[in-house]
Amino acid sequence: MKLASEFSVPAAPDKVFALFFDPDTMRGCIPGCEQLERVDEKNYRGKLVNEIAHVRFSAGFSAAIQTISEDTETKEVTAVLKGEDRRLGSSIKIDARLAVRPEGSDSAVIGYEMDMALWGKLGRLGEPIIRRRSREIELEFARALAIACGAPEDKLPETKKKARPASTPVTLPAPTPDATTDSAAPTSTGGAVAVADPTGRRLAAAAVLTSLVALLVALLRRGR
Amino acid sequence: MPTLHRPDTLDEAVELLSTVDNPMVYGGGTAIQILIKQGILFADNFVDLAGIPGLREITPGAGVLTVGPMVSVRRMETDQRVRAHAPLAAEAYHQVANPRVRNTASAGGNIAHGDYRLDPPTALLVLDATVLASSVRGTREIPVREFFVDFQETAIEHDELVSGIRIPAQPPGAGRFVKNSSLGENDWPCASASVLVTGSTMHIGLGAVAPTPRYVACDATGLDDQGAVDAALAAIEPELDPIPDVRGGVAYKRRLARATVEDAVRAAWKDLQHA
Amino acid sequence: MLEQGWVGGRRARFDTAGRVRGLVSHVGDQPVGAAAHVAVHRSTQPHALIGAVHTEDALAMPGVYAVLTGADLYKQFGDRLLTGPAFADQPALAHEKVRYVGEPVAAVLAADLATARAATDAVWVDYDELPPVYDLADALEGSAFVHDELKPSSVFGDLRHLRGVRDTNVNYTYTLRHGDAQAAREAGAHTVTGEFWAPPTHHVPIELPCTIAWVDAGRLEMLTTTQTPSYVRQTIADLLDLPLSRVRVTTRPLGGSFGAKMYDRLEPLAAALAWTTGRKVRLVASREEAFLLTTRHGAAVTSSLTADAEGNLVSSIADVRYDTGAYADVGPRITAKSGMVTPGPYRIDTAHVRSRCVYTNKPSAGPFRGFGVPQVTWSHESLIDELAHRLGEDPYAFRRRHLLREGDEAPMGTRMHSADFVTCLDSVANAIGWFEPLERGSGRIRRGRGVAVGVKAVLTPTIANAVLQFNQDASATLLISTVDMGQGSDTIMAQIAADVLAMNSERIHVVRADTDATPYDTITAGSRSTYHTGNAVRRVAQAMRDKLIALGAQHFEVAEADVELTPEGLRSGERTVPVAELVHGHFGARGATLTAEANFTTSWAPYDKETGRSEKVTEHWFAGAIGVQLTVDTATGRVHLEHLAVAGDVGRAINPALVEQQLTGAAIMGIGHALFDQLVLDQGQLVNGTLLDYQLPSIRDLPDKLTPIVVESPHDDGPFGAKGVGETGILGIAPAIANAVRDAVGVRLTTLPLTPESIVTALENKQEEES
Ligand SMILES: Cc1cc2nc3c(=O)[nH]c(=O)nc-3n(C[C@H](O)[C@H](O)[C@H](O)COP(=O)(O)OP(=O)(O)OC[C@H]3O[C@@H](n4cnc5c(N)ncnc54)[C@H](O)[C@@H]3O)c2cc1C
């Protein structure tokens, strides 16, 4: 399944990057991220704990950075993310690409693409839910990041419940509708997150994605 | 293994919901049983409403019909009072799934399920029904137009249950429900629409074409059938936000939504002319 | 009324009421007593090396008896753990590596099924990922390999040369070369081409697969849902290294199968577990698991058909790729048997077909009603239709002109006999009113008609045996190993025997397959039973008639030629003796039995390795045709079938009512395949493998009118001229519907299923091109 989207945040790319590189900020921005740990130069491990609809869950994930390109105007990182929920007999693997580019003077666009494989029991149930949840997570993440960038909280749209992209500093085009989606082979749009730099910073990407997975798991556990 | 509770009263039921771990209301079980079989449901306590007297009643009142949560979908389809009072609702319930599911599924479970593809909500939206939600804190009224808050999420709190649905009498005019599937005829709908034309207003309830059932209304003063179709299509446009899946991509689902609404509007206009 | 139960009679199946009311008990209904219930932990990786399998937590759960892994079984059985009809490639539990998402990795034995299933969630596995081979393109690119080397099994001798071949995902290639098709195409006046795709599908029989196995006095005994008890016995004997006499496989009536319950399904695992643990084990697949057990091959066909200036067919070229998933199963046979009919049942000067069977990291594909032929029929019936349109000819008449006639040699070298394509085509065309004007519609709803024909070979060579016990009270007990799975075989076998013995067919009991008692029969599949087992049954009944006549001759003291078997008994001139009295007299005892046995075996000439041709590739042919009239809603893309006619040449209908039901049932299944039925996979994961999402035709998808037509062109060697019919009706459904859609709205679709979405997309593309 492919997911892709982009959203802007009210800060210059440099500032956004700086925040990306700050694990504390990221932990605060990523819904449910409780742990982020660097195993070595390229590999990270983390844990997401979340509660959705009164169900608590936790899921471990790992991220392995594949490539980084920082020198161009658009900075980009690719990573492979993996998570597993043993109880649900399911695993997930995401090939992710995240890019950050400037937009005007004081704004940056974060774009993501991900190719997600969801294997096991969840895989036969999840597609519409993932597509939907990915938007939700994106909204939450974008909102938190915007606040971290200094945007006034009360001017931001509510993320939960009926969150429809509004004309506030956080503008969120709907995930690119994929006009050619072929029902036999879901190829649509997608997204991945990413972070743009060698050291601790890329975690954000990993964490956002994995929190998506985690939410999905929680949602299904809740039995909807 | 989850525990099954069979309370005898509504008070007992809501008490359970507020005290036991990870509870889940058990209505007809048609949705729950499937999730259990697939091994992806992890509720610890089921609170079965089947044994509570009175929850299967349909109670006529002044201009409203109050439907108990355990009234079966099948009865909503066949009951003479529902058919006389809100024929559009009866028609939407009639088209749910198949007789086996309709005989077992409950009216309360149907809306509580909160799926974006459900048929009956489209009719309840245009009829402006009210959902009664009960908990240890008492019973509150939720307009159905505020009930479906997000993808598979309703306004029901975790310790609440749907204790009734109040359906106002269908006003004079014309009402039509149309649904289309995209694969097998008997599959879940890929687009559904309830259209209710009363006086100068056209109310439209949409199913399966956005993360939640959607409601819009538009002015239909002086329109002919083509004008009404154009107005309806313009009104629904901002609401269309389909989720692509094995049943179709975004473009196809949008198209099918428009075709479905057009069919419902034309049929309603025909009814108006023949009335 | 007796004749209703003889050949040509329409007697009801003996088990209709029982099946409908649930009085016929199936394997899963059998009480098992104290047994270990088995659930399976499945892979969450499409392609990976197995590191550690952690079973401790599961073992610690109360009620869990044992947890076994592929490594445990391999320790016990070595390479014998790998089984399969064509290649010994499939382990009962994944060993060393997993090859598809959902592959069994560990088996939990527990006191009850719920405990076993819960414990499978407590098993976890360390994987070392390998590059996945998701589809045909990945597989043929050939950088990652699903199997390290090919391991032909001992079942099919002609695959021996493939042993040890490495670095390929193509496990088998069949090539047909008849003349220089490339040159003929280049010289031809009109060529149509296509890229066709028929997706994988699942059989979805109502009854779920279930196997119960136990060890009794050093023998492995098994009760299982299988169409192939003789095959399963051999496989289990090989796996456990036992003589055949120490393996017993029994069945109950199956609740549908369509190929889903053949070869190696639950049985090798059940046998291995029972043998290893000494426990009675019971395995039952959940509906979701059944989707993973076996599937129909997805197939891609790149093909062309060429006519000369006069409209004669001069060249047919096709490249066929069957996606067989992680394990070959019977894929190589499908690849050859379908490859050879890829040009279709037409007189064509030259033909070149390459048909390949390809491994991918998906659930394994195996036999499915039609055995790969519907996928190539999709190609040849779309091509010839398009060629007719290209030439401005009527698609019916164009086909009719080129169809093979009695005695014609098909492109693969075998002659046609008892395959009356012309009558099949004529009768469906007449039925749907092809020759009458069509009200096409001008607005949103458009109407069209289409036809298609299909050809398939019967499984050859095969062996059938029958034993008949004639009871003293003039009833009979027939022992055959044909499995009745709803097709009605027990009923028609009784009709054949009753006809020969001039008796009431209801007095004949057919014993269900039990390898301790019923004689060897290759398989219940490939529409072969009526012809093969039917012939064995006719022979055994004839042998019994001879015995009764001999007794009659003794009784009357006349020559055998002067004795006749009639419904009233044996007659010689004016004298008659009831059979019961005769047999009683012979033995001097009530309840005694006379026994006869018979065999019927067919042979073939294996196809030439170079040309793929054979003068006798099959014992006989199935010929069928479909005609359909439908409407297309151009706003929604939805197809509505107004009338579908399905004709099949059955040689001779042993029971016309059952033949009509087979034609009708196959047509309905084909409607699903044409319009919406498909397994959707995303990166190796089956995303619609539940009955909530998987689409099957319901009563609301049926045509307004469905007309089955029985065509009878008797086969010289068939029992009373009969041939089978289980698959005939499904072959041409999808192309007939697509051809009618083409007729209605002018778009040619080459990808199945023909979803409303694909139809409106094609209509939009067409509009764009036109503007
Ligand atoms: C094969 C199939 C086809 C279907 N096709 C359609 C269709 O075409 N159109 C359509 O509209 N629907 C369709 N459905 C869905 C069907 O309408 C729902 O399954 C049904 O309405 C759920 O009702 P239930 O009483 O069985 O709910 P349950 O399975 O008992 O519960 C469903 C959910 O609602 C909650 N719940 C139940 N009752 C209450 C209550 N009183 N208060 C609070 N929460 C409650 C449960 O906790 C659970 O989360 C189909 C279902 C199936 C199985």
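The values are calculated or read from the model by the stated rules, or taken from the named source; none is laboratory data. For clarity, every value in this text was computed on a predicted model and none was experimentally measured. No Cβ is skipped: glycine too gets one built from the backbone with ideal geometry, and neighbour counts run over all protein chains shown. Surface areas here come from the heavy atoms of the whole protein model, side chains and all, with no ligands, DNA or RNA. Shrake-Rupley method; radii C 1.70, N 1.55, O 1.52, S 1.80 Å.
How long are the three semi-axes of the equivalent ellipsoid for segment C:266-352, computed from the Cα gyration tensor as the root of 5 times each eigenvalue, in whole Å, largest first? It would help to have the intermediate numbers written out before the result.
Details: eigenvalues 408, 29, 17 Å².
Equivalent ellipsoid of segment C:266-352: 45, 12, 9 Å, largest first.
Have a look at the DSSP beta bridges in the protein assembly as shown and tell me what percent are antiparallel, nearest 5.
85
For segment B:176-249 and segment C:20-99, what is the separation of their C-alpha centers, rounded to whole Å?
If you average the Cα positions of each part, the centres end up 49 Å apart.
Farthest toward the dipole's positive end in the protein assembly as shown, which of C:GLY441, C:GLY9, C:TYR359, given Cβ charges of +1 (Lys, Arg) and -1 (Asp, Glu) about the Cα centre?
So the residue furthest toward the plus end is C:GLY9.
Rounded to the nearest 100 Å², what is the buried accessible area between B and A, both sides summed, probe 1.4 Å?
That pair hides around 2700 Å² of surface in total.
Just to make sure I understand: if all protein chains stay in place, what is the order of B:MET1, B:MET76 by accessible area at 1.4 Å, largest first?
Descending accessible area places them as B:MET1, B:MET76.
Could you size up the charge dipole of segment C:350-460 around its Cα centre, putting +1 on the beta carbon of Lys and Arg and -1 on that of Asp and Glu, and report it in debye to the nearest 20?
My answer is approximately 520 debye.
Looking only at other chains, what is the average number of their beta-carbon atoms within 10 angstrom of each beta-carbon in B:252-262? Intermediate values should be presented prior to the final figure.
Values: counts 11, 3, 2, 8, 7, 0, 2, 8, 2, 0, 1.
If you average over the peptide's residues, the count of other-chain Cβ atoms is 4.
From the square roots a ≥ b ≥ c of the eigenvalues of the alpha-carbon gyration tensor of segment C:609-733, which class results: rounded (a/c under 1.5), prolate (a/b over b/c), or oblate?
Verdict is oblate for segment C:609-733.
Hey, what's the Cα Rg ratio for segment C:297-345 versus the globular rule of thumb, 2.2 N^0.38 Å?
Ratio of Cα Rg to 2.2 N^0.38 Å: 1.42.
For segment C:441-598, what does the alpha-carbon gyration tensor say about shape, rounded, prolate or oblate, given a ≥ b ≥ c as the root eigenvalues, a/c under 1.5 as rounded, and a/b over b/c as prolate?
prolate
Choose one of C:ILE317, C:GLY157, C:GLN629: the residue whose Cα lies farthest towards the positive end of the charge dipole of the protein assembly as shown (beta-carbon charges +1 Lys, Arg; -1 Asp, Glu; about the Cα centre).
Towards the positive end, the residue furthest out is C:GLY157.
Pairing the Cα long axis of helix B:250-274 with the longest principal axis of chain B, what angle in degrees results, from 0 to 90 and rounded to the nearest 10?
With rounding to tens, the tilt is 70 degrees.
Between segment C:339-366 and segment C:119-165, how far is it from one alpha carbon centroid to the other, in angstrom?
What the calculation gives is 21 Å, centre to centre.
State, in angstrom, two size descriptors of chain B derived from its alpha carbons: Rg to one decimal place and Dmax to the nearest whole number.
Radius of gyration, then largest Cα-Cα span, for chain B: 18.6, 61 Å.
Given a 1.4 Å probe and no ligands, DNA or RNA in the count, how much accessible surface is buried by C and A, both sides, to the nearest 100 Å²? Before the final figure, lay out the partial values.
On the way: alone 27810 and 10740 Å², together 36740 Å².
Its buried surface, counting both partners, is about 1800 Å².
Where the convex hull is taken over the Cα atoms of segment C:61-192, what is its projected area averaged over directions, in nm²?
Taking a quarter of the hull surface, the average projection is 12.9 nm².
Pick from B:ALA264, B:ALA84, B:ALA92 the residue whose mean-square fluctuation is largest in a GNM of chain B, springs joining Cα atoms under 10 Å.
Among B:ALA264, B:ALA84, B:ALA92, the largest GNM mean-square fluctuation belongs to B:ALA84.
From the C-alpha gyration tensor of segment B:31-90, pull out the three semi-axes of the equivalent ellipsoid (sqrt of 5λ each), sorted largest to smallest, in whole Å. Show your work: numbers first, answer last.
On the way: eigenvalues 180, 41, 14 Å².
Equivalent-ellipsoid dimensions as semi-axes: 30, 14, 8 Å.
Working from the pairwise distances between different alpha carbons, so that the mean of 1/r is found and then inverted, what is segment B:174-274's Kirkwood radius in Å?
One decimal place: 13.4 Å for the Kirkwood radius.
Would you tally the net charge around C:ASN655, using a Cβ to Cβ cut-off of less than 13 Å, leaving C:ASN655 out, and scoring K and R as +1, D and E as -1?
That works out to -1.
Dividing the Cα convex hull volume of the protein assembly as shown by residue count, how many Å³ per residue is that?
Once divided by residue count, the hull of the protein assembly as shown is 207 Å³.
Where in chain C are the DSSP H helices whose alpha-carbon span along the long axis reaches 20 Å or more and whose Kyte-Doolittle mean is at least 0.0?
C:656-675
Reachable lysines from A:LYS2, Cα under 16 Å, same-chain residues fewer than 8 places away excluded?
A:LYS82, A:LYS93
If you take the charge dipole of segment B:1-131 about its Cα centre, with +1 on Lys and Arg Cβ and -1 on Asp and Glu Cβ, which of B:GLY61, B:ILE111, B:VAL73 is farthest toward its positive end?
B:VAL73
With all protein chains present, how much of the accessible area of the protein assembly as shown (probe radius 1.4 Å) comes from carbon and sulfur, to the nearest whole percent?
Result for the protein assembly as shown: 49 percent of the exposed heavy-atom area is carbon or sulfur.
Using a 1.4 angstrom probe, figure out how much accessible area the protein assembly as shown has per residue, in square angstrom, rounded to the nearest whole.
Here the per-residue accessible area is 35 Å².
For segment C:514-533 and segment C:630-704, what is the separation of their C-alpha centers, rounded to whole Å?
Between the Cα centre of segment C:514-533 and that of segment C:630-704, the gap is 28 Å.
With a/c under 1.5 counting as rounded, go ahead and sort chain C into rounded, prolate or oblate using the C-alpha gyration tensor (a ≥ b ≥ c being the square roots of the eigenvalues; past the cut-off, prolate if a/b is larger than b/c, else oblate).
Note, shape of chain C comes out oblate.
Counting Lys and Arg as +1 and Asp and Glu as -1, each charge on the Cβ, what is the dipole of segment B:174-274 about the Cα centre in debye, to the nearest 20?
200
Only four residue types carry charge here, +1 at the Cβ of Lys and Arg and -1 at the Cβ of Asp and Glu. Report the dipole size of the protein assembly as shown about the Cα centre in Debye, rounded to the nearest 20.
The dipole magnitude comes to about 1480 debye.
As a test of understanding, state the convex hull volume per residue of segment C:267-318 from its alpha carbons, in Å³.
Values: hull volume 7.3 nm³, N = 52.
Convex hull of Cα atoms, per residue: 140 Å³.
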